[in-house]
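The numbers here are math on the coordinates, done by the rules we state, and not lab data. What you see is a predicted model, and the numbers here were worked out from it, not measured in a lab. Here the Cβ positions follow ideal geometry from the backbone for every residue, glycine too, while neighbour counts run over all protein chains shown.
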Amino acid sequence: MRRNVALAVALAIAALAAAAPPARAGENDLVLGRLALLVGDPGVSPNRAVGQNLEFRSLVSELGVALAPRLSTPADTLGFGGFQFAADTSWTSISADAGYWRARQGSPDPTGAGGMAHGEGQLQNLGLFMRKGMWFPVPSLEFGAGAVHLMGSRLWTAQGYAKVALHEGYHDMPIPSLAVRGAVSRLIGQKDLDLTIISIDASIGKHVGVGGTWNANPYLGYNVLLMVPRSEVIDPTPNVDGLDPANMDDRQLNFVFKDQDDIIRHRVFFGAKLRYYVFALTVEGTYAMAGSSIDDRASADECTLASRTTNCDSPDQAKAQTTLTVAAGLDF
C-alpha cells in the first residue's frame, strides 16, 4: 500500500513537471552585466568593462542563502524503512535597497542611480523533496534529494544530502537525538553564473508524543555554508548587436568576474515537525549572520562601489538574513 501511494505521488510530480509552461524571464532573474563599470579614454566610447567584484560577492552571498540546501528536518532520521515525500515554501529576506540588487531583472533602477529599493525585500521559493531512511553503510542514515525553484525567475537548484544520526531513538527517556548532515545545492538556469553551495550542519532534537495520536519533534542546530561562485562570459550591453558591422567594438566589452575566494556564511536554525498518522507539517526559522569573508587579492586596496580595477580586496557586505520555511509531507 505504501509503495503504491509513493508511486502515485511520483507519477503526479512527473505529470506536473511535463505540463509546466515554458519558463520566461522574471523579476528575480539576474542581469549580471549591470554590475560592471564601462571605462575608456577621455572623449571616446568605453572600450572595456570592469566587473565590480565587491558587489558580485555580496549579491551571490545573499542569493546563496536563499538557495542554500534545505534543512527543515529534525535530528531523528526516518528509520531504515522510512520514506517521505514533501513540498515546502520559504521566504528569505534580502537587502533590496543595496546597490548590488540592481542586477535583479525587475529592478526599477537598473543603473543604481536613484537610491531606491530594487524590488521586494524577500525571495520566495518552492521545493519538492523525497527522503529515504537507510541502514547501509551505517545505521540511522538518511538520504534526500529534490529541487527548489526561485519564484519570479527561471532559476532552479538541484539539491541532495546525507544525514547520520549519531544518537536517536530514546523517546521514553530525557535524552535528545543528535545528527550531522552534509548537503549540496547546484544552481540551474542562470547562464552567467555557476554556483555550488555546500552545507554542513549539526542538530539536536527530541521526539515528544502528544495525546497518543500526535507527535512533535522540536529541533535546533548550527549550519555552515560554503559558496563557490564562478562567472561565465557576460555581455554588459545585451541590447547591442555585436555581430552588426557597425558595432564590432561592442564585443570588446564582454567580461568575466575574476574567480573569487569561497564565500562562507553561518546560520542557526530551529523548528518543529508535527505528525499525525502519515501527515507531517514542519515549520522552521533560520537566521544567517552577516557575511564576513573576504576575497583577498593580496592587495592593500579595498574595492569600492565604482572600482576601475579588479586587483582589490572584496569583503562580503551581505547583511544578516532570516528565512521562514513551511513544509508539508507524507511519511511512510
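For segment 254-295, the alpha-carbon radius of gyration amounts to 2.03 times the rule-of-thumb value 2.2 N^0.38 Å expected for a compact globular protein. What the Cα convex hull of segment 201-332 gives, in volume per residue, is 170 Å³.
Counting only residues at least eight positions apart within a chain, or on another chain, the lysines with an alpha carbon under 17 Å from that of Lys273 are Lys132, Lys163, Lys206.
Globularity index of segment 119-173 is 1.63 (Cα radius of gyration / 2.2 N^0.38 Å, N = number of residues).
If the segment from Gln124 to Asp109 were pulled out straight at 0.36 nm per residue, it would be longer than the present Cα-Cα gap by 3.3 nm. The angle between the Cα long axis of helix 53-66 and the longest principal axis of the Cα atoms of the chain comes to about 20 degrees, rounded to the nearest 10.
For the peptides 26-34, 291-299, the ranking by packing is 26-34, 291-299, with the highest mean count of neighbouring Cβ atoms within 10 Å listed first.
With neighbours defined as other Cβ atoms within 10 Å of a residue's Cβ, the residues Tyr276, Tyr161 order from fewest to most as Tyr276, Tyr161.
Translational diffusion of segment 115-215 was estimated from the Stokes-Einstein equation, with Rh taken as the Kirkwood radius over Cα pairs; at 25 °C and 0.890 mPa s the coefficient is 148 µm²/s. Counting 0.36 nm for each residue step from Asn215 to Glu232 and taking away their Cα separation leaves a gain of 1.3 nm. In terms of its alpha-carbon gyration tensor, segment 67-145 comes out prolate; a/c meets the 1.5 threshold, and the first ratio a/b outweighs b/c. Please give the Cα centre distance for segment 110-174 versus segment 271-332, rounded to the nearest Å. Computed from Cα coordinates, the inter-centre distance equals 12 Å.
Cβ crowding within 10 Å ranks Cys312, Cys303 as Cys312, Cys303, fewest other Cβ atoms first. Using alpha carbons only, the radius of gyration of the chain set against its Kirkwood radius gives Rg/Rh = 1.04. Rounded to the nearest 500, the 222 nm mean residue ellipticity of the chain from helices alone is -3000 deg cm²/dmol, with -39,500 (n - 2.57) taken per DSSP H run of at least 4 residues.
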